[in-house]
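The values are calculated or read from the model by the stated rules, or taken from the named source; none is laboratory data. Note that the structure is predicted; figures quoted are calculated from it, not measured. Neighbour counts run over all protein chains shown; Cβ positions are idealised from the backbone, glycine included.
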Amino acid sequence: MLKRYMKPYRKYLTWAVILNFLSQWMNVFSFMALIPILNILFKIDTTTYEYIPMDIHHLNKDVLVNNGYYYINYIINTHGAFFTLIMMGIILIVMTLLKTAGYFASSAVMVPLRTGIVRDIRIQVYDKVLNLPLSFFSEERKGDIIARMSADVSVVENSITSSIDMLIRNPITLIVCFITLFGVSWQLTLFVIIILPLAGWIMGVISRKLKSQSVVAQAQWGDIMSQLDETLGGLRVIKAFIAERKMSQRFVKTNNDFRDAMNAMVIRQSSAHPMSEFLGTCVIVIVLWFGGALILNQYSPIDAAMFIFYLVILYSIITPLKEFSKAFYNIPQGLASMDRIDMILKAENHIKETEHPLPLESFEKELEFRDVSFSYIEGRPVLKHINLKVEKGKTVALVGQSGSGKSTMVDLVPRYHDVGEGALLIDGKNVKDVSIASLRSLIGNVNQDAILFNDTFYNNITFGVENATLEQVIDAAKIANAHDFIMESEKGYDTMIGDRGGRLSGGQRQRVSIARAILKNPPILILDEATSALDTESERLVQEALERLMKSRTTIAIAHRLSTIKNADEICVLYEGEIVERGTHEALIALNGYYKKLNDMQSL
Ligand code: ADP
Ligand code: MG
């Protein structure tokens, strides 16, 4: 996981390693200053030391220790024991200051690394979400994706924090401490190495179950987010159906499930600290017995003050080991979350461009559905052998009952989905062979629900169009019958329209989205029930705007109300994914078939 994200932060890593080494050695030296202090206090050391001359060839541990003691004894003899104690205390303070400063610096240097990695993951997920095909999001629920982006990323952050400690700080502590321990007494240290893994094994057994528990909990958190999202979007309906109680009960149930999963996990997790504390003390006591036996023995390899120093260093090993055990909990949890994030990051975008996509600069001749079949779910075709030619400048209308596949059919043109069998050709080129960006830039969409963003009128209209002047925007708004009501709002084109255009009526929203399409000025226009959600008055305004927009453009219009597409050059009637009738309005009426029936029902 770290390998994937560490690269840009290598310099922080190098600094962290250097600073940690420094602070660890300072740690050891500061405790080393304790040895002579203890010796002075307990008047243990009665040997007299002779100064051994130091030169490069005779520089070893024994010489250094001996000369250290010689100087200390010298100072005690000339200035008294209490003065020496003060001196040693000052040395201890300075060493500790260096050690803590180093510790702080090494922590500080790791902060940008941690926050940077989390930022990178979040941005990666967001960019991936932008690029995945629409079909991905009908399978994966929105709340789940939000949960993956928020909660799972936090868990990963936590886990990265502890794993960075585990990978950098703790190994360095362990290396430095073990070097020291071996330096003091290799016999005792061998003994420690034998009993430590036992304690580690006990910790490992407990943490193993954590990963699966964490997966369950995160999935339930996703449920909670979905419900919240659904509720915010559906508040109007919930209130209308007086379903607050029902929704609340459903939410309570999901929350309880989440709580149960968390209970099991957190309780297990909170056993980490006390457990390692207890095991650590057990280790110390066992070493105390063993070392005590050595010291009480006449031919002891170490003295009492040295042994206390040894125990202090041994205890400093317990802390990183404890953090290892914390990492044992956090890392599986982080990996579980990373798996969930990877579900998004590694999701395959099956709407791909070919290696050398053809540029598509303009639309010249015709758009053709050639024997197109499509299904969302294998074995259940939504479109069957569709053949349709839309010539430049013509308007083709699709009608048919809801669920007959009209929206699916027009979604194939900008490649929101890819055709199953057959081919979709634009000026004779297969849409799969042309660049997606150039294909989509030729197409304008106006759908049943206008999708607007929480921004100003101006920014909503210029969405996706660069360098539009205010005059162009105003012209577009005028054609779309939107200029008047925009000017009536308090700040004109700079008025914020609210979340998803919530401050506007349905008709106004639709006219803003038409203005947006007009400004984009695409040669091909797709209208998917653009007026279906509107009342008659605003339908008239929108219809007017649409007719101006359709002028001199190639249009595929899906309409619920047949009156709006009466003048289309060709009308195709879809029934269960097949075109069952086609022709002009008059021809279809004369045919006296399905279209005639639809028309009669509506004129009633
Ligand atoms: P229309 O626009 O004519 O009302 P659609 O094209 O939206 O119909 O839907 C056609 C059929 O495809 C319907 O039966 C619908 O249930 C199904 N369908 C639409 N979208 C999806 C989807 N994302 N996944 C699976 N099935 C879908
Ligand atoms: Mg539809």
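Could you please find all residues in the range 554-587 being outside any strand (DSSP E or B) and more than 20 Å from Ser603 (Cβ to Cβ)? I'd like the intermediate steps shown before the answer.
Filtering the range 554-587 for residues outside any strand (DSSP E or B) gives 559-569, 576-577, 584-587.
Correct list: Asp569, Glu576, Gly577.
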Filter pass, Val382 being surrounded by 19 or more Cβ atoms within 10 Å (Cβ to Cβ), part of a strand (DSSP E or B) and more than 14 Å from ligand 1 (Cβ to nearest atom): no
Set Thr469, Thr456: member being closer than 28 Å to Leu541 by Cβ and touching a strand residue (DSSP E or B) at 6+ places or on another chain (Cβ under 7 Å): Thr456
Residue satisfying condition, being buried (at least 21 other Cβ atoms within 10 Å of the Cβ), within 20 Å of Gln401 (Cβ to Cβ) and within 15 Å of ligand 1 (Cβ to nearest atom), within set Ala557, Ala533: Ala557
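Does Ile341 satisfy being among the β-branched types (Val, Ile, Thr), at pLDDT 80 or above and either touching an Asp or Glu at 6+ places or on another chain (Cβ under 8 Å) or surrounded by fewer than 16 Cβ atoms within 10 Å (Cβ to Cβ) (or both)? Give the derivation first.
Values: among the β-branched types (Val, Ile, Thr): yes; at pLDDT 80 or above: yes; either touching an Asp or Glu at 6+ places or on another chain (Cβ under 8 Å) or surrounded by fewer than 16 Cβ atoms within 10 Å (Cβ to Cβ) (or both): yes.
Considered against the rule, which asks whether it is among the β-branched types (Val, Ile, Thr), at pLDDT 80 or above and either touching an Asp or Glu at 6+ places or on another chain (Cβ under 8 Å) or surrounded by fewer than 16 Cβ atoms within 10 Å (Cβ to Cβ) (or both), Ile341 comes out as yes.
Of the residues Met87, Met54, only one is of a type outside the set (Ser, Thr, Tyr), more than 30 Å from Val155 (Cα to Cα) and in a helix (DSSP H, G or I); which?
Details: Met54 fails: in a helix (DSSP H, G or I).
Met87 is the lone residue from the list that is of a type outside the set (Ser, Thr, Tyr), more than 30 Å from Val155 (Cα to Cα) and in a helix (DSSP H, G or I).
Going through Phe251, Phe258, Phe290 one at a time, which residue ends up being farther than 30 Å from Leu190 by Cβ, touching a Phe, Trp or Tyr at 6+ places or on another chain (Cβ under 9 Å) and among the aromatic types (Phe, Trp, Tyr)? Even if it seems obvious, please write down each step before you answer.
Details: Phe251 fails: touching a Phe, Trp or Tyr at 6+ places or on another chain (Cβ under 9 Å); Phe290 fails: farther than 30 Å from Leu190 by Cβ.
Of the residues listed, the single one that is farther than 30 Å from Leu190 by Cβ, touching a Phe, Trp or Tyr at 6+ places or on another chain (Cβ under 9 Å) and among the aromatic types (Phe, Trp, Tyr) is Phe258.
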Within the range 577-604, considering residues that are of a type in the set (S, T, N, Q) and more than 50 Å from the chain's Cα centre (by Cα), the one modelled with the lowest pLDDT: Ser603
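Restricting the range 95-136 to residues that are within 16 Å of ligand 1 (Cβ to nearest atom) and surrounded by 13 or more Cβ atoms within 10 Å (Cβ to Cβ), which is farthest from Glu348 (Cα to Cα)?
Within the range 95-136, the subset within 16 Å of ligand 1 (Cβ to nearest atom) is 132-136.
If we keep only those that are surrounded by 13 or more Cβ atoms within 10 Å (Cβ to Cβ) as well, we get 132-133, 135-136.
Working: Leu132: 8, Pro133: 9, Ser135: 11, Phe136: 9 Å.
Looking at the filtered set, the residue picked out is Ser135.
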Filter result (surrounded by fewer than 18 Cβ atoms within 10 Å (Cβ to Cβ) and more than 16 Å from ligand 2 (Cβ to nearest atom)) within the range 389-404: Lys389, Glu391, Lys392, Gly393, Lys394
Residue in the range 542-549 that is surrounded by 15 or more Cβ atoms within 10 Å (Cβ to Cβ), closer than 11 Å to Ala397 by Cβ and in contact with a strand residue (DSSP E or B) (Cβ under 8 Å, 6 or more places away or on another chain) present: no
Which numbered condition Cys572 misses (of (1) surrounded by fewer than 21 Cβ atoms within 10 Å (Cβ to Cβ); (2) within 16 Å of ligand 1 (Cβ to nearest atom); (3) of a type outside the set (A, V, I, L, M)): (1)
Residue match in the range 417-436 (condition: within 16 Å of ligand 2 (Cβ to nearest atom) and within 37 Å of the chain's Cα centre (by Cα)): yes
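Look at Phe369 and say whether it is more than 16 Å from ligand 2 (Cβ to nearest atom), touching a Pro at 6+ places or on another chain (Cβ under 6 Å) and modelled with pLDDT of 90 or more. Spell out the reasoning first.
On the way: more than 16 Å from ligand 2 (Cβ to nearest atom): yes; touching a Pro at 6+ places or on another chain (Cβ under 6 Å): no; modelled with pLDDT of 90 or more: yes.
So Phe369 does not fit the description; no.
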Those residues of the range 316-337 which are farther than 30 Å from Phe31 by Cβ and in contact with a Leu (Cβ under 9 Å, 6 or more places away or on another chain), in sequence order: Pro332, Gln333, Ala336
Matching residues, the range 394-411, being assigned to a loop (DSSP other than H, G, I, E, B) and within 10 Å of ligand 1 (Cβ to nearest atom): Gly400, Gln401, Ser402, Gly403, Ser404, Gly405
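Return a yes/no flag: does the range 481-496 have any residue that is under 31 Å from the mean Cα position of the chain (by Cα), in contact (Cβ under 8 Å) with a residue 12 or more places away in the chain and either crowded, with 19+ Cβ neighbours inside 10 Å or more than 24 Å from Lys551 (Cα to Cα) (or both). Before the answer, list the steps.
First, the residues of the range 481-496 that are under 31 Å from the mean Cα position of the chain (by Cα): 496.
Next cut, in contact (Cβ under 8 Å) with a residue 12 or more places away in the chain only: 496.
Next cut, either crowded, with 19+ Cβ neighbours inside 10 Å or more than 24 Å from Lys551 (Cα to Cα) (or both) only: 496.
Checked against the condition, which is being under 31 Å from the mean Cα position of the chain (by Cα), in contact (Cβ under 8 Å) with a residue 12 or more places away in the chain and either crowded, with 19+ Cβ neighbours inside 10 Å or more than 24 Å from Lys551 (Cα to Cα) (or both), the range 481-496 yields at least one hit.
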Search result, residues across the range 237-252 that are among the basic types (Lys, Arg) and either in contact with a Lys or Arg (Cβ under 6 Å, 6 or more places away or on another chain) or surrounded by fewer than 10 Cβ atoms within 10 Å (Cβ to Cβ) (or both): Arg245
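Is it the case that the range 259-267 has a residue that's closer than 18 Å to Asp144 by Cα, of a type in the set (A, V, I, L, M) and exposed (fewer than 13 other Cβ atoms within 10 Å of the Cβ)?
Going through the range 259-267, the residues closer than 18 Å to Asp144 by Cα turn out to be 259, 261-262.
Among the residues that remain, those that are also of a type in the set (A, V, I, L, M) are: 261-262.
Of the ones still in play, those that are also exposed (fewer than 13 other Cβ atoms within 10 Å of the Cβ) are none.
Within the range 259-267, none of the residues are closer than 18 Å to Asp144 by Cα, of a type in the set (A, V, I, L, M) and exposed (fewer than 13 other Cβ atoms within 10 Å of the Cβ).
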Tally, over the range 418-453, of residues that are part of a loop (DSSP other than H, G, I, E, B) and surrounded by fewer than 18 Cβ atoms within 10 Å (Cβ to Cβ): 9
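Residue by residue through the range 501-512, note down the ones that are away from ligand 2 (no atom under 16 Å from the Cβ) and in a helix (DSSP H, G or I).
Pass one, the range 501-512, residues away from ligand 2 (no atom under 16 Å from the Cβ): 501-509, 511-512.
Passing the criteria: Gly501, Gly506, Gly507, Gln508, Arg509, Arg511, Val512.
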Residue count, the range 522-555 (criterion: within 27 Å of Thr408 (Cβ to Cβ), in contact (Cβ under 8 Å) with a residue 60 or more places away in the chain and more than 16 Å from ligand 2 (Cβ to nearest atom)): 12
Hits in the range 350-379 - residues which are of a type outside the set (A, V, I, L, M, F, W, C), more than 34 Å from the chain's Cα centre (by Cα), part of a strand (DSSP E or B) and more than 13 Å from Lys429 (Cβ to Cβ): Asp371, Ser373
Lone qualifier among Ile351, Ile341, Ile377 - being within 16 Å of ligand 1 (Cβ to nearest atom), under 30 Å from Ala219 (Cβ atoms) and either of a type in the set (D, E, K, R) or in contact (Cβ under 8 Å) with a residue 24 or more places away in the chain (or both): Ile351
